[in-house]
Amino acid sequence: MTTVRVYVTLKPALLDSAGRTVAGALQKLGFAEVQETRIGKLIELKVSDYSEEKVKAMCDQLLANPVIENYRFEVVA
Amino acid sequence: MKVAVIRFPGSNCDQDALFALREDVGVGAEYVWHEERSLAGFDAVFLPGGFSYGDYLRCGAMASRAPIMEEVRAFAEHGKPVIGACNGFQILCEAGLLPGALLLNEHEKFVCKYVSLEAVNRTSLWTRGVDRPIQIPIAHGEGRYVCDEETLAELKAKDRIAFRYLGENPNGSVDGIAGILNERGNVLGLMPHPERATKSLLGSADGLFVLNGLTRIAVQA
C-alpha cells in the first residue's frame, strides 16, 4: 500500500474569494502580517500499486479541473 | 416532443423543471435517473439545478462523470437541444461540453433574486426572439463564470455568449456572462433558472423565452 498526497490549488490568476475572507479573519485576530490566503485541497490516496502515470491520469480525469486548478502530488509512504 | 429531465442525487430543481416543461411550455417531459445509459425516445435534455453529489470535489464534477453523461455527450454532438441551468451549467462545464468553469461568487455570498438579462446571441434555438431584457431568478453560491482570455475572445467572436447580466454583476462573472452556448448553438448553460419563471403568478413568465425554444424543435420535428 502506498499513500499519495495530491495537492490541488486554484490557478494564481483566479480570485480565491473564500481565501480572501479567511485572510480578513486572520487580520482581525491580530495577524496583521497576513497579506493573502489561498485555499486548496489535499486529497490523500491509498493505492495498492503506485504508478505516477496513473495518479496523473486520476488528477487529469477527475481530481483537478485544468481550467481553474493546478495540481502536484507526492508519495509519502 | 419529449424532454429528459436528468436527476442526480442532490438535484433539487428537477420537479420545477418537469412541471414547467409540461404545464407551461406544453411539451412532454420525463425524469431520467443518472445511472441510466439511454436517452432513446427523447428529443431534448434538461440538466436541472441543485447540489448534485453534494457538490463534492467541485460543483458538477461528480455528476459530469455519471453514466448518463456519456449519452448526453453523444446527444449534444448530434446537435440535439441540451440545456443546463445553474448546477446543470456547472455540470456541462465540468463535462467539457461548454468551456470555462463556475467559481465561488466574488462576494462569497449565496445570491437568490431576480436579475435582468440581455440576450447577446439572438440566433440560437434558445435565444431567438429575446428582443428585450428578461427577468429570471438566480439562486447560487458558485456562479462566477471564468475562462481564459482566449476562450472569452472565441465566445465573443463566434457569438456564443447567450446571456449577460444587465446592471449589477451579481457574482463577478467575467464580462458579466450569465450563459453561454456551444459552438453549434444547441447546448445552453446558464446560471439563471428559466424553469422558475414560467408564469406571471411566479413573478415572471420570461423563462418561457428560453424554454419555448423547445417548442420550435417540436414544430420542426
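The values are calculated or read from the model by the stated rules, or taken from the named source; none is laboratory data. All values derive from a computational prediction rather than experimental measurement. We place every Cβ from the backbone using ideal geometry, glycine too, and count neighbours over all the protein chains shown.
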Looking only at segment B:39-66, count how many residues are within 14 Å of chain A (Cβ to nearest Cβ), outside any loop (DSSP other than H, G, I, E, B), buried (at least 23 other Cβ atoms within 10 Å of the Cβ) and touching a residue at least 60 places away in the same chain (Cβ under 8 Å). 0
Just checking, which of A:A64, A:A77 is touching a Phe, Trp or Tyr at 6+ places or on another chain (Cβ under 6 Å) and either among the β-branched types (V, I, T) or touching a residue at least 24 places away in the same chain (Cβ under 8 Å) (or both)? A:A64
Checking the condition among the hydrophobic types (A, V, I, L, M, F, W, C), in contact with a Lys or Arg (Cβ under 9 Å, 6 or more places away or on another chain) and surrounded by 14 or more Cβ atoms within 10 Å (Cβ to Cβ), which residue from A:L15, A:L42 passes? A:L15
Looking at this structure, is B:Y165 within 14 Å of another protein chain (Cβ to nearest Cβ) and without any contact (Cβ under 8 Å) to a residue 60 or more places away in the chain? no
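Residues that are more than 10 Å from chain A (Cβ to nearest Cβ) and among the acidic types (D, E), at least 1 per element: which strands (runs of 3 or more DSSP E) completely within segment B:74-124 meet that? Talk me through it step by step, then tell me what you get.
Working: elements: B:82-85, B:101-103, B:111-119.
Strands (runs of 3 or more DSSP E) meeting the threshold: B:111-119.
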Please enumerate the residues belonging to segment B:169-221 that are closer than 18 Å to B:A139 by Cα, among the small types (G, A, S) and assigned to a loop (DSSP other than H, G, I, E, B). B:G172, B:S173, B:A197, B:G203, B:A205
Being of a type in the set (G, A, S) and surrounded by 14 or more Cβ atoms within 10 Å (Cβ to Cβ) is the filter here, so list the residues in segment A:19-37 that pass it. A:G19, A:A23
Qualifying positions in segment A:59-77 - among the basic types (K, R) and within 12 Å of chain B (Cβ to nearest Cβ): none
If I filter segment B:199-218 for residues that are closer than 17 Å to B:A119 by Cβ and either without any contact (Cβ under 8 Å) to a residue 40 or more places away in the chain or among the charged types (D, E, K, R) (or both), do I get at least one hit? yes
Mind counting the residues in segment B:81-119 that are modelled with pLDDT of 95 or more and basic (K, R)? 1
Selection count where residues are aliphatic (A, V, I, L, M) and away from chain B (no Cβ under 14 Å), scope segment A:1-58: 8
Could you grab me the full set of residues in segment B:167-211 that are of a type in the set (S, T, Y) and touching an Asp or Glu at 6+ places or on another chain (Cβ under 9 Å)? B:S173, B:T198
